[in-house]
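Some notes on the structure that comes next.
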There are 2 protein chains.
Amino acid sequence: MARIVMKFGGTSVADIDRIRNVARHVKREVEAGHEVAVVVSAMAGKTNELVTWTRAASPMHDAREYDAVVASGEQVTAGLLAITLQSMGIHARSWQGWQVPIRTDNAHGAARIIEIDGSFLVERFGEGQVAVIAGFQGLGPDNRIATLGRGGSDTSAVAIAAAVRADRCDIYTDVDGVYTTDPRVEPKARRLAKISFEEMLEMASLGAKVLQVRSVELAMVHKVRTFVRSSFEDPDAPGMGDPINPPGTLICDEEEIVEQQVVTGIAYAKDEAQISLRRVADRPGVSAAIFGPLAETHINVDMIVQNISEDGSKTDMTFTVPTGDLDKAVAVLEKAKVEVGFDAIQSEAGLVKVSVIGIGMRSHAGVAATAFMALAEKGINIRAITTSEIKISILIDGPYAELAVRTLHSVYGLDKH
Amino acid sequence: MARIVMKFGGTSVADIDRIRNVARHVKREVEAGHEVAVVVSAMAGKTNELVTWTRAASPMHDAREYDAVVASGEQVTAGLLAITLQSMGIHARSWQGWQVPIRTDNAHGAARIIEIDGSFLVERFGEGQVAVIAGFQGLGPDNRIATLGRGGSDTSAVAIAAAVRADRCDIYTDVDGVYTTDPRVEPKARRLAKISFEEMLEMASLGAKVLQVRSVELAMVHKVRTFVRSSFEDPDAPGMGDPINPPGTLICDEEEIVEQQVVTGIAYAKDEAQISLRRVADRPGVSAAIFGPLAETHINVDMIVQNISEDGSKTDMTFTVPTGDLDKAVAVLEKAKVEVGFDAIQSEAGLVKVSVIGIGMRSHAGVAATAFMALAEKGINIRAITTSEIKISILIDGPYAELAVRTLHSVYGLDKH
């Protein structure tokens with residue numbers, strides 16, 4: 001017997017037929033003798049509808065009221081799934097964030113989970129009850145509903161799995177796992193059987209939008225073994241109920257991954273923009289003078305590269321921001337021109353960041369050189385490079401995105417046989 | 001300064017434009033210096049959508065889960081109205097039933113309000129806050145959301161008005177008051193300036209569907225002065241903010257109605273069916289034998305008339321049920337034939353009950369005779385009659401409904417001048 005938290009996203013519960021299919025997945029695990037709690041998102045499209053209404057009511061709306069409105073979507077799904085499970089003879093009950101309670105901080109609209117007392121849910125397990133919990137929400141210190149930000153149901157599920165010390169957190173979604181790269185770009189992409197938390201964090205934050213980043217961070221901290229798997233497969237197909245290796249990708253501690261690949265996957269992020277400040281005075285505090293005003297304007301700066309210019313007293317500073325923020329960023333920097341002290345701003349939009357990810361590269365030299373050579377052979381110009389222990393990110397021109405992804409996927413031996 | 005509870009129904013908050021209009025009504029009262037709490041229904045159509053989903057999930061769904069799903073409609077409206085009010089510079093905040101809390105009994109799906117501690121809302125008044133409360137729901141003893149049954153937001157509003165000892169409970173709806181009869185049937189119908197609780201109860205339960213019956217009962221018990229008025233009028237039109245006589249109909253204690261009319265209004269209820277049991281053995285317990293099985297089958301019996309037949313040992317028993325329940329009722333009675341002891345069942349569907357209502361008839365003789373004569377003059381056959389202190393109900397053939405309503409409306413002098 002295992003203790004399993006199952007989470008179903010918006011497309012998996014988009015209508016009553018799909019909710020019924022979800023219920024069959026739950027039934028399979030219950031009938032196998034497992035203790036099961038379920039976390040659900042709002043029906044696909046519902047959250048957008050609610051968000052649109054709050055914006056129509058007032059573009060500058062109060063986050064506490066936004067939360068009261070938007071959290072209703074998950075409540076509806078939780079009730080409907082409980083009803084459906086009951087109709088299949090399963091002892092089920094829906095619970096909202098304020099009932100468990102799932103305690104959050106006061107950051108309405110983007111709250112963080114502070115505490116979940118697992119004993120409430122463990123009591124439900126003891127009664128043989130499947131608790132169906134509204135995702136994406138909790139109870140703030142002001143006794144009001146607080147939502148966790150978009151995609152927060154993944155985080156709800158992992159936090160609940162940690163609180164009840166679940167053996168597994170199964171994230172059911174509209175894809176059947178995590179792939180070596182985006183299969184729409186490279187059809188030879190393979191589904192990974194396992195990926196480490198660290199690698200998944202890089203994959204998720206770099207645009208492989210299978211799981212919310214925060215949920216992966218949380219899973220890593222609490223070592224929650226998390227499966228990404230598809231809700232659209234036949235719930236009763238062979239192997240679906242396998243307690244050890246169900247179909248999908250296991251996100252786990254790297255120690256659990258015996259045969260480590262040097263490179264695990266290739267991620268990419270579109271719509272990057274590059275800003276270069278030419279001949280910046282190279283003095284202490286200059287970075288703060290540049291990036292402080294950008295942070296205050298809530299512009300997310302990503303890659304940062306600094307070169308020494310010819311005479312050594314001046315430096316060139318290059319960094320990237322989302323293309324949507326480029327105009328705002330340039331305006332902020334022009335304002336700070338005197339204080340920072342630079343000659344000129346150059347900028348370019350519509351770029352792409354391609355990243356090579358793998359915990360194996362810690363112990364392998366030459367991984368970066370392989371990428372640079374492969375891209376050079378295809379005539380792809382490299383605009384900037386940043387590296388970390390398990391990742392190499394390369395900024396290139398937008399039109400080369402797909403070619404670069406396929407080239408790197410092939411050169412590291414990730415293609416299907 | 002007055003303390004006012006304002007309630008807005010589903011058609012009044014059907015979309016963001018209408019919610020904005022509702023906010024202007026609230027703003028008017030706030031700017032006049034009143035203490036204001038607001039109760040809202042779900043956006044028109046939303047509750048039906050949610051109910052349809054629960055039925056699709058399972059026709060025999062759990063009432064606790066039904067409540068969790070269906071209550072979300074009012075929560076959304078409350079948040080959207082709070083946002084809209086804030087955008088107009090009004091200090092507003094939404095509250096759900098579990099937060100106030102509005103305590104109910106455990107009858108999920110048709111719960112009754114047990115207690116509202118007014119102090120929570122009085123504190124909000126003290127802060128200058130407009131509390132926007134989700135109607136139709138409260139918190140049951142099981143710490144779960146419980147709904148009050150369809151139309152329950154009227155009851156929420158009156159109960160809240162009683163709890164905070166409001167000077168007035170304004171029920172904003174899609175009609176501008178209570179009329180002497182249905183204006184679609186008799187264009188000469190007049191809007192009543194005032195109507196007593198007792199009369200309104202008869203009007204409401206007899207098919208003038210302006211207010212939920214339970215809300216009127218509650219208003220009567222707690223002597224809550226309740227205005228029925230339109231949300232569709234210009235919020236800033238002259239007289240709309242009149243603290244004593246705003247446009248609409250005041251439902252109040254009869255002592256407040258100085259010039260009492262003998263007859264206040266004419267109500268009607270369509271789709272009645274008549275059942276007659278011929279030559280029933282006239283013995284103790286026979287009524288129980290007839291009406292017990294009907295009650296167990298949840299068939300609502302309305303008018304009951306009993307005549308002694310010729311020889312005195314047998315009786316004829318006539319009563320009405322909704323036409324939709326007729327077949328079921330006849331089947332139940334056929335089953336009980338031996339136990340009850342009767343010769344035959346006769347039945348007829350598609351009848352109409354017309355009622356003359358007025359507290360003045362307590363002290364006036366001949367009110368009933370006037371009705372009978374007026375109907376006889378038009379050749380309308382009377383099938384059954386029941387009377388109470390303030391009401392005469394007459395069962396007639398369906399096709400004569402409109403003629404009978406207009407005839408009675410005229411004969412009691414209710415027509416517009």
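Descriptive notes on the structure:
- Extreme residue, farthest from the other protein chains (Cβ to nearest Cβ), among residues of region A:42-56 that are among the polar types (S, T, N, Q) and more than 17 Å from A:Ala14 (Cα to Cα): A:Thr52
- Any chance B:Arg229 is of a type outside the set (Asp, Glu) and part of a loop (DSSP other than H, G, I, E, B): no
- Verdict on A:Phe125 being away from chain B (no Cβ under 14 Å), more than 26 Å from A:Val213 (Cβ to Cβ) and over 27 Å from the mean Cα position of the chain (by Cα): yes
- Filter pass, A:Asp62 being closer than 30 Å to B:Arg20 by Cα and among the charged types (D, E, K, R): yes
- Region B:110-122 - residue that is touching a strand residue (DSSP E or B) at 6+ places or on another chain (Cβ under 7 Å) and open to solvent by 20 Å² or more (accessible area, probe 1.4 Å) and, of those, nearest to the other protein chains (Cβ to nearest Cβ): B:Ile116
- Contact annotation: residue pairs with Cβ atoms under 6 Å, 6 or more positions apart or on different chains, pairing a residue in region B:38-59 that is in the same structural domain as B:Ala14 (by TED's automatic domain parsing) with a partner that is β-branched (Val, Ile, Thr) and open to solvent by 10 Å² or more (accessible area, probe 1.4 Å), are B:Ala44/B:Thr11; B:Ala56/A:Ile16; B:Ala57/A:Ile16.
- Taking the listed residues A:Val22, A:Val36, A:Val13, the one that is under 22 Å from the mean Cα position of the chain (by Cα) and either of a type in the set (A, V, I, L, M) or more than 22 Å from B:Gly109 (Cα to Cα) (or both) is A:Val13, with no other qualifying.
- Being among the small types (Gly, Ala, Ser), within 22 Å of A:Ser231 (Cα to Cα) and touching a residue at least 24 places away in the same chain (Cβ under 8 Å) holds for only one residue in A:Ala166, A:Ala146, and it is A:Ala166.
- Residues (closer than 11 Å to A:Ile133 by Cα and part of a loop (DSSP other than H, G, I, E, B)) located in region A:80-105: A:Gln96, A:Gly97, A:Trp98, A:Gln99, A:Val100, A:Pro101
- Breaking point among (1) over 30 Å from B:Gly358 (Cβ atoms); (2) surrounded by fewer than 17 Cβ atoms within 10 Å (Cβ to Cβ), for B:Glu255: (1)
- When A:Ile133, A:Ile160 are screened for being within 14 Å of chain B (Cβ to nearest Cβ) and touching a residue at least 12 places away in the same chain (Cβ under 8 Å), only A:Ile133 passes.
- Scanning region A:113-144 for residues that are assigned to a loop (DSSP other than H, G, I, E, B) and of a type in the set (Asp, Glu) yields a count of 3.
- Just one residue in the set B:Pro247, B:Pro235, B:Pro187 is farther than 25 Å from B:Ala110 by Cβ and surrounded by fewer than 16 Cβ atoms within 10 Å (Cβ to Cβ); that residue is B:Pro187.
- Members of region A:8-22 found to be more than 16 Å from A:Ala134 (Cβ to Cβ), within 14 Å of another protein chain (Cβ to nearest Cβ) and assigned to a helix (DSSP H, G or I), listed by number: A:Ile16, A:Asp17, A:Arg18, A:Arg20, A:Asn21
- Of all residues in region B:391-404, those satisfying the criterion of being under 20 Å from the mean Cα position of the chain (by Cα) and open to solvent by less than 10 Å² (accessible area, probe 1.4 Å) are B:Ile392, B:Ser393.
- Region B:57-74, residues that are buried (at least 24 other Cβ atoms within 10 Å of the Cβ), of a type in the set (Asp, Glu) and facing chain A (nearest Cβ under 7 Å): B:Glu65
- When the test is whether a residue is more than 7 Å from every other protein chain (Cβ to nearest Cβ), assigned to a helix (DSSP H, G or I) and closer than 23 Å to A:Met6 by Cβ, A:Thr77 passes it.
- Region B:24-41 - residue that is surrounded by 23 or more Cβ atoms within 10 Å (Cβ to Cβ) and within 14 Å of chain A (Cβ to nearest Cβ) and, of those, nearest to B:Gly118 (Cα to Cα): B:Val38
- A count restricted to region B:316-335 and to residues that are touching a residue at least 12 places away in the same chain (Cβ under 8 Å) and open to solvent by 10 Å² or more (accessible area, probe 1.4 Å) stands at 11.
- A single member of B:Ala204, B:Ala219 is modelled with pLDDT of 95 or more, in a helix (DSSP H, G or I) and in the same structural domain as B:Arg18 (by TED's automatic domain parsing), and it is B:Ala219.
- Any hit, region B:88-108, residues being facing another protein chain (nearest Cβ under 7 Å), within 22 Å of B:Arg24 (Cβ to Cβ) and not small (Gly, Ala, Ser): no
- Failed condition for B:Val5, given (1) within 14 Å of chain A (Cβ to nearest Cβ); (2) open to solvent by less than 20 Å² (accessible area, probe 1.4 Å); (3) of a type in the set (A, V, I, L, M): (1)
Table: residues versus (1) within 27 Å of the chain's Cα centre (by Cα); (2) closer than 17 Å to B:Phe136 by Cβ.
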| position | (1), (2) |
| --- | --- |
| B:Glu31 | no, no |
| B:Asn48 | yes, yes |
| B:Ala57 | no, no |
| B:Tyr66 | yes, yes |
| B:Arg112 | yes, yes |
| B:Asp117 | yes, no |
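- Listed by position, the helices (runs of 4 or more DSSP H) enclosed by region A:304-417 that each have at least 1 residues that are among the aromatic types (Phe, Trp, Tyr) are A:367-377.
- Scanning region A:390-403 finds no residues that are over 19 Å from A:Glu272 (Cα atoms) and among the hydroxyl-bearing types (Ser, Thr, Tyr).
The values are calculated or read from the model by the stated rules, or taken from the named source; none is laboratory data. In this text, all values refer to a predicted model and were calculated from it rather than measured experimentally. With ideal geometry, Cβ positions are generated from the backbone for all residues, glycine too; neighbour counts draw on all protein chains shown. What goes into the accessible areas is simple: the full protein's heavy atoms, side chains included, and nothing from ligands, DNA or RNA. Shrake-Rupley method; radii C 1.70, N 1.55, O 1.52, S 1.80 Å.
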